Structures are given as C-alpha cells and as structure tokens.
Amino acid sequence: MSQQTLRVMVTGGSGFIGSAVCRHLAGQNDVAILNFDKLTYAASPASLAMIEGKADYQFVQGDVADAAVVSATVKAFRPNVIMHLAAESHVDRSITGPGDFVQTNIVGTYVMLQAALEHWRSLEGEAKDSFRFHHISTDEVFGSLGAEGLFSETTPYDPRSPYSASKASSDHLARAWQHTYGLPVVVSNCSNNYGPYHFPEKLIPLVTLNALEGKPLPVYGKGDNVRDWLHVEDHARALHLIATKGVPGESYNVGGRNERTNLEVVEAICDVLDELRPIAGQRRRDLITFVADRPGHDARYAIDATKLETELGWKAQETFDTGLRKTIQWYLDNETWWAPLRERYAGQRLGLKTD
C-alpha cells in the first residue's frame, strides 16, 4: 500500500449499514479497511463475502465496549478515519432489553472515543490534521415530528425510546470529546435505511419475506406512522463523503426525501411482489393485518438534507420506487443469504412491554 492510502476503521462493519460502507470503500482506490465487529445476531459475514479476499480489507472480531481490544486494534491499524457504526439499533428490542443498548451504544461509544483520542494525540503534522472520528447516528434522537416540518441539524434532541435515548447519549459524548479535548469529530444522523443485506427484523425485509411466504403482514396501529426512506447505498456514499470532507465539529443530516406511511410501504411491497412473483388467485394486500401499536411509537420522522447536499455535494441516487424494486428483486435473488437468518429470527412480534 502506498503512503497515500486512506486507512479506515469501520466499527459494526458486518451489520447492515456497516457492510454497505465496507463494500463501498472496497470499490475505491487506495483505501484500506479494517472491519471491527462483535458479530451479534444482526451481523452477517456473508454480506462481505465479495471483499473478504481483498488485500486491503481485514476483519477483527471484537466488542466496542472492550477497551483493551479496541485500544490494541486502533494502535495496530493506525487509522486516518474511524467510522463508528457499531450499535444495537432495533427499537422493539430496546423496549424489552434496554441494557444491551446502554452497554453498546453509550459505553461502546465512550471506549471508541477514548481510543481515538489516544491515537490522535500520538499523530503529528498532516496525519493529525486530517484525522477524523465519524460518529454515525439516527434521526430518532430528535423525537417525533407533527404533520409539517423537517429535522435539521439544529433540531433539539427529544428521544422517546431506550434505543433513541442511547443514541442521543452517544451523540452528546462524541460532541463533548470534540469540544473538551479537540478530537476532530463529525456526526451524521440518518433517516430509515433499506436495501440489500438487511436483517429481517426491520419493516421492509420482514414484510418482503413474510409476503413472499404468504404469511400475515402485521402493521402497527393504523399504519399511519411516517418515515423518510434512504437507500443504504446512497447512505454509504454520504458517509464516505462526510468522513473525508466533513468539517470537524459539524453534524450532517442524511435523508432520502422519500416520506411514506408504514401502510404505504407495506402496500408497495405487496404490489411489487404480486408483479414479480405472483400467486394465482391471491393479492398480497389481503395478508395485511393491523396489530396493537408499538409502545411510544413516534408519529413522523423526516430529514432535511440540504446542508449535506449544498456543502458537500451529495444527492440520493435512488427514489423510493426504484430503490424498493431493486431491494425486493435482491431478496428474490438471494435466498441463500437470508434463509439462515430466518432460522435465527422467523418474524415473531418483538417489543411488547412486560409487567
């Protein structure tokens, strides 16, 4: 590798968004990648099978909350950029098991910041000036929107679930390490991601696979909760740009400008599957079943990505319609990837409050 090689440590690189980032970076010239991942239930090494043999890619299994392992890995790899994506991310699971979210999302982020600070302080000259710690977060930290308006980078935080509270905490830690210690931190907050290699507990892959198998399609409440959908490959491009061109101390919102109600998403999946994989005499919309709403379910999220678009020149390439069709086709074509995951999680309801 040349002296110009960008050395990027990606935490959570075997997860959904992290693997998309690793695949994207592997397609760039002069980028060396270290994927640091605990390999929890939602991770899938198969999502990176196409880059495993590349000379500039390496994998280290480890927990971001394990300070000794994190420190040793950072010292050995000496990254120019740390992209911190490792997180517990499923709201429903956070309702019944918040402890894992506190440990990984809060304690893990603290450990990563401490290791990054130690590493950054050891650097000199251009290496020190160009180093970045990129903390990747979610729009859920902002709480719930009404019928109008968008989340901006200055929207006050108002997390409503154990998941979003843990991510809000980690955002505040990242910014504190910037202001207190001078660590060059950039933060990004994204809207709902979808696309290939998505663990089938989240809405789009879960509904796609249930509909494919003719199972009931549960929709929370009336299905009128609104989300802004962002294709994961558009997000990966944005994250690469923010990590390398973002201004330390700044935050950037990443959104697809694709607002849909949950019911509209489910109906769209049904319609595309009816076209691509029809079942004689059956409409998949008939499988839709309304169930009791998630506790504390936020009404609407929507991102204003103007800052990212104008200052760094990013623009989403996929509309919701084009991205959803590609995603569904990918699941139709890649049963060998998702079938083992369905054995781990078959689609049962999560996130019900216990007494």
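None of the figures in this text is laboratory data; all of them are computed from the coordinates on show. On a predicted model such as this, the values are computed, not experimentally measured, just so you know. Using ideal geometry, Cβ is built from the backbone for each residue, glycine included, and neighbour counts are taken over all protein chains shown.
Amide H contacts under 5 Å for residue 300: 145, 226, restricted to partners 5 or more places along the chain or on a different chain, H placed in the peptide plane at 1.01 Å from N. For the Cα trace of the range 1-134, dividing Rg by the Kirkwood Rh returns an Rg/Rh value of 0.97. Close amide H partners of residue 288, meaning residues 5 or more places away or on another chain with modelled amide H under 5 Å apart, are 217. For the range 1-67, the Cβ-based charge dipole about the Cα centre amounts to some 120 debye (Lys, Arg positive; Asp, Glu negative; other atoms uncharged). Taking the fewest neighbouring Cβ atoms within 10 Å as the starting point, the ordered list for 36, 290 is 290, 36.
Coupling constants for the range 207-215 follow from the phi torsions by the Karplus curve (6.51 cos²θ - 1.76 cosθ + 1.60, θ = phi - 60°), and in residue order they are 5, 4, 6, 4, 5, 4, 8, x, 8 Hz; glycine and proline get x. Structural descriptor for the range 95-177: relative contact order 43 percent, calculated from alpha carbon pairs under 8 angstrom and at least 6 residues apart.
Residues whose amide H lies under 5 Å from that of residue 35, counting only those 5 or more places away or on a different chain, are 10, 58, 59, 60; hydrogens are built 1.01 Å from N in the peptide plane. Taking only the alpha carbons of the range 162-276, we obtain Rg and Dmax values of 17.6, 56 Å in that order. With the helix formula -39500 (n - 2.57) applied to DSSP H stretches of n ≥ 4, the chain reaches a computed 222 nm mean residue ellipticity of -12000 deg cm²/dmol. Relative to the Cα centre, the charge distribution of the chain, modelled as +1 at Lys and Arg Cβ and -1 at Asp and Glu Cβ, gives a dipole magnitude of about 380 debye. Within the chain, antiparallel bridges make up roughly 10 percent of the DSSP beta bridges whose residues both belong there. When the Cα positions of 39, 232, 125 are compared along the charge dipole of the chain, 39 comes out farthest toward the positive end, with charges on each C-beta of Lys, Arg, Asp and Glu. Mean separation of Cα pairs under 8 Å and 6 or more residues apart, divided by the residue count, gives the chain a relative contact order of 18 percent. A Cβ-based charge dipole, computed about the Cα centre of the range 64-166 with Lys and Arg at +1 and Asp and Glu at -1, lands at about 380 debye.
Peptides 124-135, 184-195, 96-107 ranked from most to least packed, by the mean per-residue count of other Cβ atoms within 10 Å: 184-195, 96-107, 124-135. Across the range 18-34, rounded Karplus estimates of 3J(HN,Hα) from the backbone phi angles (6.51 cos²θ - 1.76 cosθ + 1.60, θ = phi - 60°) give x, 5, 5, 5, 4, 5, 5, 5, 5, x, 9, 7, 6, 10, 9, 10, 10 Hz, Gly and Pro being marked x.
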